Amino acid sequence: SITGDNGLSVSVSDTAKPLGRLHAHQAPIDTGPVSVGDTVKLAIDAARRDRIRANHSATHLLHSALRNALGGHVTQKGSMVADDRLRFDFSHNAALTPAEIAAVEAEVNAEIRGNQSVSTRLMSPDDAVEAGALALFGEKYGDEVRVLTMGPRDGARAYSVELCGGTHVNALGDIALFKIVSEGAVASGIRRVEAMTGEAARQWLTDREDKLKDVAAQLRANPDEVPARVAALSDTVRKLEKELAEAKKALALGGSGGSAAAEPEDVGGTKFLGQSFDGLDPKELRGLANDARAKLGSGIVAMVTVNDGKASILI
(Lines give C-alpha, C1' and ligand atoms only; values in the text may rest on other atoms or scores of the structure.)
Protein backbone atom coordinates (compact mmCIF):
# COMPACT_ATOMS: atom_id res chain seq x y z
CA SER A 1 0.00 0.00 0.00
CA ILE A 2 1.00 3.64 -0.52
CA THR A 3 -0.36 6.30 1.85
CA GLY A 4 0.15 10.03 2.42
CA ASP A 5 -0.69 12.56 5.11
CA ASN A 6 -3.05 14.32 2.69
CA GLY A 7 -5.45 11.34 2.70
CA LEU A 8 -3.81 9.51 -0.18
CA SER A 9 -4.50 5.78 -0.20
CA VAL A 10 -3.25 3.49 -2.97
CA SER A 11 -3.61 -0.31 -3.13
CA VAL A 12 -0.68 -1.76 -5.06
CA SER A 13 -1.68 -4.77 -7.16
CA ASP A 14 1.63 -5.45 -8.94
CA THR A 15 5.14 -4.12 -9.53
CA ALA A 16 7.42 -4.31 -12.54
CA LYS A 17 10.89 -3.24 -13.68
CA PRO A 18 10.31 -1.90 -17.19
CA LEU A 19 13.67 -0.07 -17.36
CA GLY A 20 16.22 -2.14 -15.49
CA ARG A 21 16.52 -0.86 -11.92
CA LEU A 22 13.41 1.34 -12.10
CA HIS A 23 10.54 -0.11 -10.07
CA ALA A 24 7.03 0.74 -11.29
CA HIS A 25 4.03 0.26 -9.00
CA GLN A 26 0.72 -0.63 -10.66
CA ALA A 27 -2.19 0.47 -8.51
CA PRO A 28 -5.56 2.24 -8.47
CA ILE A 29 -5.82 5.36 -6.33
CA ASP A 30 -8.45 4.66 -3.68
CA THR A 31 -8.64 8.14 -2.10
CA GLY A 32 -6.83 11.45 -2.02
CA PRO A 33 -4.71 13.44 -4.48
CA VAL A 34 -1.19 12.59 -5.62
CA SER A 35 1.42 14.97 -7.01
CA VAL A 36 5.08 14.91 -7.97
CA GLY A 37 7.19 15.54 -4.90
CA ASP A 38 4.69 14.17 -2.36
CA THR A 39 6.17 12.30 0.61
CA VAL A 40 4.46 8.93 0.95
CA LYS A 41 4.77 5.76 2.99
CA LEU A 42 5.06 2.34 1.32
CA ALA A 43 4.08 -0.75 3.32
CA ILE A 44 3.65 -4.44 2.60
CA ASP A 45 1.32 -7.10 3.99
CA ALA A 46 3.93 -8.58 6.31
CA ALA A 47 2.07 -11.84 7.03
CA ARG A 48 1.50 -12.52 3.33
CA ARG A 49 5.12 -11.67 2.53
CA ASP A 50 6.32 -14.12 5.18
CA ARG A 51 4.27 -16.89 3.57
CA ILE A 52 5.73 -16.05 0.17
CA ARG A 53 9.25 -16.08 1.66
CA ALA A 54 8.64 -19.53 3.11
CA ASN A 55 7.31 -20.96 -0.15
CA HIS A 56 10.12 -19.38 -2.19
CA SER A 57 12.84 -20.69 0.10
CA ALA A 58 11.21 -24.13 0.17
CA THR A 59 11.37 -24.16 -3.64
CA HIS A 60 15.17 -24.01 -3.46
CA LEU A 61 15.27 -26.79 -0.87
CA LEU A 62 12.96 -28.87 -3.06
CA HIS A 63 15.25 -28.38 -6.07
CA SER A 64 18.27 -29.68 -4.14
CA ALA A 65 16.32 -32.59 -2.64
CA LEU A 66 15.07 -33.65 -6.09
CA ARG A 67 18.62 -33.58 -7.48
CA ASN A 68 19.84 -35.66 -4.54
CA ALA A 69 17.04 -38.20 -4.91
CA LEU A 70 16.78 -38.45 -8.70
CA GLY A 71 20.15 -37.31 -10.07
CA GLY A 72 22.02 -34.31 -11.41
CA HIS A 73 19.95 -34.26 -14.58
CA VAL A 74 17.14 -32.59 -12.63
CA THR A 75 16.96 -28.89 -13.50
CA GLN A 76 14.25 -26.31 -12.95
CA LYS A 77 11.95 -25.73 -15.92
CA GLY A 78 9.57 -23.28 -14.31
CA SER A 79 8.04 -22.35 -10.98
CA MET A 80 5.26 -20.43 -9.27
CA VAL A 81 5.51 -19.01 -5.77
CA ALA A 82 2.36 -17.72 -4.07
CA ASP A 83 1.38 -17.04 -0.50
CA ASP A 84 -0.62 -20.26 -0.22
CA ARG A 85 1.47 -22.78 -2.20
CA LEU A 86 4.39 -23.37 -4.51
CA ARG A 87 4.70 -25.12 -7.86
CA PHE A 88 7.97 -26.48 -9.26
CA ASP A 89 8.54 -27.89 -12.77
CA PHE A 90 11.68 -29.93 -13.43
CA SER A 91 13.29 -32.21 -15.99
CA HIS A 92 12.73 -35.91 -15.33
CA ASN A 93 11.44 -38.69 -17.58
CA ALA A 94 9.40 -40.77 -15.13
CA ALA A 95 6.75 -40.31 -12.48
CA LEU A 96 8.08 -40.12 -8.94
CA THR A 97 7.35 -43.21 -6.89
CA PRO A 98 5.70 -42.85 -3.47
CA ALA A 99 9.06 -43.73 -1.91
CA GLU A 100 10.84 -40.99 -3.87
CA ILE A 101 8.24 -38.41 -2.92
CA ALA A 102 8.52 -39.43 0.73
CA ALA A 103 12.33 -39.21 0.60
CA VAL A 104 12.29 -35.74 -0.96
CA GLU A 105 9.71 -34.48 1.52
CA ALA A 106 11.66 -35.93 4.48
CA GLU A 107 14.93 -34.37 3.30
CA VAL A 108 13.41 -30.91 2.92
CA ASN A 109 11.82 -31.09 6.37
CA ALA A 110 15.12 -32.25 7.87
CA GLU A 111 16.79 -29.10 6.51
CA ILE A 112 13.94 -26.99 7.89
CA ARG A 113 14.32 -28.53 11.34
CA GLY A 114 18.08 -27.86 11.18
CA ASN A 115 17.20 -24.15 11.11
CA GLN A 116 20.41 -23.15 9.39
CA SER A 117 20.89 -19.59 8.21
CA VAL A 118 20.03 -18.21 4.78
CA SER A 119 22.47 -15.70 3.33
CA THR A 120 22.85 -13.67 0.15
CA ARG A 121 25.93 -12.23 -1.57
CA LEU A 122 26.37 -10.02 -4.62
CA MET A 123 28.90 -11.46 -7.08
CA SER A 124 29.76 -11.50 -10.75
CA PRO A 125 28.06 -14.31 -12.70
CA ASP A 126 31.38 -16.05 -13.38
CA ASP A 127 32.44 -15.90 -9.72
CA ALA A 128 29.03 -17.18 -8.66
CA VAL A 129 29.18 -20.20 -10.95
CA GLU A 130 32.76 -20.90 -9.88
CA ALA A 131 31.56 -20.84 -6.26
CA GLY A 132 29.08 -23.59 -7.13
CA ALA A 133 25.94 -21.53 -7.64
CA LEU A 134 23.22 -23.05 -9.82
CA ALA A 135 21.57 -20.66 -12.27
CA LEU A 136 17.80 -21.01 -12.52
CA PHE A 137 15.61 -21.34 -15.58
CA GLY A 138 14.12 -18.17 -16.99
CA GLU A 139 16.29 -15.70 -15.08
CA LYS A 140 18.17 -12.86 -16.77
CA TYR A 141 21.51 -12.01 -15.18
CA GLY A 142 23.43 -8.75 -15.45
CA ASP A 143 26.96 -7.82 -14.39
CA GLU A 144 26.12 -8.53 -10.78
CA VAL A 145 24.08 -11.42 -9.43
CA ARG A 146 22.59 -12.32 -6.07
CA VAL A 147 23.83 -15.66 -4.73
CA LEU A 148 21.50 -17.39 -2.26
CA THR A 149 23.09 -19.85 0.15
CA MET A 150 21.10 -22.17 2.39
CA GLY A 151 22.26 -24.45 5.13
CA PRO A 152 26.01 -23.92 5.63
CA ARG A 153 27.53 -26.62 7.84
CA ASP A 154 30.61 -25.24 9.68
CA GLY A 155 32.59 -24.63 6.53
CA ALA A 156 31.18 -27.66 4.73
CA ARG A 157 29.38 -27.33 1.41
CA ALA A 158 26.02 -25.59 1.72
CA TYR A 159 22.86 -27.56 1.05
CA SER A 160 21.72 -25.15 -1.68
CA VAL A 161 23.60 -22.45 -3.61
CA GLU A 162 21.64 -20.78 -6.41
CA LEU A 163 21.31 -17.47 -8.20
CA CYS A 164 18.10 -15.78 -7.11
CA GLY A 165 16.89 -12.23 -6.66
CA GLY A 166 13.72 -13.09 -4.75
CA THR A 167 12.66 -12.71 -1.14
CA HIS A 168 13.59 -15.44 1.36
CA VAL A 169 13.45 -16.44 5.02
CA ASN A 170 16.26 -15.51 7.40
CA ALA A 171 16.61 -19.07 8.68
CA LEU A 172 15.24 -22.34 7.33
CA GLY A 173 13.22 -22.96 10.48
CA ASP A 174 11.00 -20.04 9.48
CA ILE A 175 9.48 -22.33 6.81
CA ALA A 176 8.16 -24.50 9.67
CA LEU A 177 6.71 -27.38 7.60
CA PHE A 178 6.86 -28.67 4.02
CA LYS A 179 4.27 -30.96 2.42
CA ILE A 180 4.09 -32.22 -1.18
CA VAL A 181 0.43 -32.31 -2.22
CA SER A 182 0.70 -33.44 -5.87
CA GLU A 183 3.10 -34.72 -8.53
CA GLY A 184 2.44 -35.22 -12.22
CA ALA A 185 3.49 -34.64 -15.82
CA VAL A 186 3.06 -31.32 -17.62
CA ALA A 187 4.97 -32.16 -20.85
CA SER A 188 7.27 -34.80 -22.27
CA GLY A 189 10.17 -35.16 -19.85
CA ILE A 190 8.81 -32.45 -17.52
CA ARG A 191 7.30 -33.22 -14.12
CA ARG A 192 5.51 -30.87 -11.71
CA VAL A 193 5.44 -30.90 -7.93
CA GLU A 194 3.02 -28.77 -5.93
CA ALA A 195 3.64 -28.23 -2.24
CA MET A 196 2.67 -26.15 0.78
CA THR A 197 4.54 -24.77 3.75
CA GLY A 198 3.84 -23.49 7.24
CA GLU A 199 0.25 -22.97 8.33
CA ALA A 200 -1.15 -23.85 4.90
CA ALA A 201 0.60 -27.24 5.09
CA ARG A 202 -0.68 -27.79 8.63
CA GLN A 203 -4.24 -27.00 7.56
CA TRP A 204 -3.91 -29.34 4.57
CA LEU A 205 -2.80 -32.17 6.86
CA THR A 206 -5.57 -31.37 9.34
CA ASP A 207 -8.15 -31.51 6.56
CA ARG A 208 -6.87 -34.95 5.50
CA GLU A 209 -6.98 -36.15 9.09
CA ASP A 210 -10.56 -34.93 9.48
CA LYS A 211 -11.60 -36.81 6.33
CA LEU A 212 -9.87 -39.96 7.61
CA LYS A 213 -11.77 -39.65 10.88
CA ASP A 214 -15.05 -39.28 8.96
CA VAL A 215 -14.33 -42.47 6.98
CA ALA A 216 -13.36 -44.29 10.17
CA ALA A 217 -16.62 -43.23 11.81
CA GLN A 218 -18.65 -44.56 8.86
CA LEU A 219 -16.73 -47.85 9.10
CA ARG A 220 -17.17 -47.91 12.89
CA ALA A 221 -13.43 -48.29 13.29
CA ASN A 222 -10.52 -46.22 14.51
CA PRO A 223 -8.34 -44.46 11.89
CA ASP A 224 -5.55 -47.04 12.18
CA GLU A 225 -8.00 -49.78 11.12
CA VAL A 226 -9.27 -47.97 8.01
CA PRO A 227 -6.84 -49.50 5.44
CA ALA A 228 -7.67 -53.07 6.51
CA ARG A 229 -11.42 -52.34 6.64
CA VAL A 230 -11.39 -50.75 3.17
CA ALA A 231 -9.41 -53.69 1.74
CA ALA A 232 -11.92 -56.15 3.22
CA LEU A 233 -14.85 -54.13 1.81
CA SER A 234 -13.22 -54.04 -1.63
CA ASP A 235 -12.85 -57.83 -1.60
CA THR A 236 -16.49 -58.21 -0.60
CA VAL A 237 -17.65 -55.84 -3.36
CA ARG A 238 -15.63 -57.71 -6.00
CA LYS A 239 -17.13 -61.03 -4.90
CA LEU A 240 -20.66 -59.63 -4.91
CA GLU A 241 -20.17 -58.04 -8.34
CA LYS A 242 -18.95 -61.37 -9.70
CA GLU A 243 -21.90 -63.23 -8.19
CA LEU A 244 -24.33 -60.61 -9.53
CA ALA A 245 -22.82 -60.86 -13.02
CA GLU A 246 -23.11 -64.64 -12.96
CA ALA A 247 -26.72 -64.41 -11.75
CA LYS A 248 -27.62 -61.95 -14.51
CA LYS A 249 -25.94 -64.20 -17.07
CA ALA A 250 -27.83 -67.25 -15.85
CA LEU A 251 -31.11 -65.34 -15.87
CA ALA A 252 -30.51 -63.98 -19.36
CA LEU A 253 -29.51 -67.38 -20.75
CA GLY A 254 -32.42 -69.11 -19.11
CA GLY A 255 -35.07 -66.58 -20.15
CA SER A 256 -37.23 -66.53 -23.24
CA GLY A 257 -34.91 -64.05 -24.89
CA GLY A 258 -32.04 -66.48 -25.41
CA SER A 259 -30.52 -69.83 -24.60
CA ALA A 260 -26.98 -71.04 -24.19
CA ALA A 261 -28.01 -74.22 -26.01
CA ALA A 262 -29.56 -72.47 -29.03
CA GLU A 263 -29.17 -74.44 -32.21
CA PRO A 264 -27.88 -72.96 -35.48
CA GLU A 265 -30.12 -72.50 -38.51
CA ASP A 266 -29.35 -73.09 -42.15
CA VAL A 267 -29.81 -69.87 -44.11
CA GLY A 268 -29.18 -70.27 -47.83
CA GLY A 269 -26.62 -72.96 -47.18
CA THR A 270 -24.82 -70.99 -44.44
CA LYS A 271 -24.96 -71.90 -40.77
CA PHE A 272 -26.36 -69.04 -38.69
CA LEU A 273 -26.77 -68.70 -34.93
CA GLY A 274 -28.58 -65.61 -33.63
CA GLN A 275 -29.43 -64.88 -30.01
CA SER A 276 -30.78 -61.92 -28.07
CA PHE A 277 -30.55 -61.36 -24.33
CA ASP A 278 -32.11 -58.97 -21.86
CA GLY A 279 -29.88 -57.60 -19.09
CA LEU A 280 -26.76 -59.60 -20.00
CA ASP A 281 -23.47 -57.75 -19.42
CA PRO A 282 -22.06 -56.85 -22.87
CA LYS A 283 -18.69 -58.23 -21.73
CA GLU A 284 -20.24 -61.70 -21.67
CA LEU A 285 -21.03 -61.64 -25.40
CA ARG A 286 -17.44 -62.38 -26.42
CA GLY A 287 -17.28 -65.65 -24.51
CA LEU A 288 -20.72 -66.76 -25.72
CA ALA A 289 -19.81 -65.90 -29.31
CA ASN A 290 -16.59 -67.90 -29.08
CA ASP A 291 -18.55 -70.93 -27.82
CA ALA A 292 -21.04 -70.57 -30.65
CA ARG A 293 -18.30 -70.19 -33.25
CA ALA A 294 -16.68 -73.38 -32.03
CA LYS A 295 -20.04 -75.15 -32.37
CA LEU A 296 -20.59 -73.85 -35.92
CA GLY A 297 -17.14 -74.50 -37.30
CA SER A 298 -17.96 -72.19 -40.20
CA GLY A 299 -20.88 -69.78 -40.30
CA ILE A 300 -22.23 -66.54 -38.85
CA VAL A 301 -22.90 -65.70 -35.18
CA ALA A 302 -24.94 -62.64 -34.18
CA MET A 303 -25.67 -61.78 -30.54
CA VAL A 304 -27.53 -58.85 -29.02
CA THR A 305 -27.95 -57.79 -25.39
CA VAL A 306 -30.12 -54.93 -24.17
CA ASN A 307 -29.40 -53.02 -20.95
CA ASP A 308 -31.48 -50.03 -19.88
CA GLY A 309 -32.68 -49.48 -23.43
CA LYS A 310 -29.20 -49.59 -24.96
CA ALA A 311 -28.25 -52.45 -27.29
CA SER A 312 -24.81 -54.01 -27.68
CA ILE A 313 -24.26 -56.20 -30.75
CA LEU A 314 -21.53 -58.71 -31.59
CA ILE A 315 -21.32 -60.42 -34.99
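The values are calculated or read from the model by the stated rules, or taken from the named source; none is laboratory data. Bear in mind that the values here come from a model prediction, so they are computed numbers and not experimental data. As a convention, Cβ positions derive from the backbone with ideal geometry for all residues, glycine included, and neighbour counts pool all protein chains shown. Note: areas computed on protein heavy atoms with side chains; ligands, DNA, RNA excluded. Shrake-Rupley method; radii C 1.70, N 1.55, O 1.52, S 1.80 Å.
Computed values, structure above
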| item | result |
| --- | --- |
| Any pair with Cβ under 7 angstrom, 6 or more apart, that starts in the range 169-196 at a residue that is closer than 21 Å to Ser57 by Cβ and without any contact (Cβ under 8 Å) to a residue 60 or more places away in the chain and ends at one that is in a strand (DSSP E or B) and open to solvent by 50 Å² or more (accessible area, probe 1.4 Å) | Ala171/Ser117 |
| Number of the exception - Thr167 against (1) touching a helix residue (DSSP H, G or I) at 6+ places or on another chain (Cβ under 9 Å); (2) of a type outside the set (D, E, K, R); (3) in a helix (DSSP H, G or I) | (3) |
| Selection status of Lys211, more than 30 Å from Ile52 (Cβ to Cβ) and either exposed (fewer than 13 other Cβ atoms within 10 Å of the Cβ) or more than 33 Å from the chain's Cα centre (by Cα) (or both) | no |
| Test: residue in the range 78-94 that is farther than 20 Å from Ala201 by Cβ, surrounded by fewer than 19 Cβ atoms within 10 Å (Cβ to Cβ) and touching an Asp or Glu at 6+ places or on another chain (Cβ under 6 Å) | yes |
| Condition met for Asp127 (more than 19 Å from Glu194 (Cα to Cα), acidic (Asp, Glu) and out of contact with any helix residue (DSSP H, G or I) (no Cβ under 9 Å at 6 or more places or on another chain)) | yes |
| Any hit, the range 246-259, residues being hydrophobic (A, V, I, L, M, F, W, C), at pLDDT 80 or above and surrounded by fewer than 16 Cβ atoms within 10 Å (Cβ to Cβ) | yes |
| Output for the range 196-221, where each listed residue is outside any helix (DSSP H, G or I) and at pLDDT 95 or above | Met196, Thr197 |
| Residue identified as on the phi > 0 side of the Ramachandran plot, open to solvent by less than 70 Å² (accessible area, probe 1.4 Å) and at pLDDT 75 or above among Gly138, Gly151, Gly114 | Gly151 |
| Scan of the range 11-39 for residues that are in a strand (DSSP E or B), farther than 21 Å from Val145 by Cβ and of a type outside the set (S, T, N, Q), ordered by number | Asp14, Ala24, His25, Ile29, Asp30 |
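To keep it simple, each residue is scored yes or no on (1) open to solvent by 80 Å² or more (accessible area, probe 1.4 Å); (2) modelled with pLDDT of 85 or more; (3) polar (S, T, N, Q); (4) touching a strand residue (DSSP E or B) at 6+ places or on another chain (Cβ under 6 Å).
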| site | (1), (2), (3), (4) |
| --- | --- |
| Asp266 | yes, yes, no, no |
| Gln275 | no, yes, yes, yes |
| Glu284 | no, yes, no, no |
| Ser298 | yes, yes, yes, no |
| Met303 | no, yes, no, yes |
| Leu314 | no, yes, no, yes |
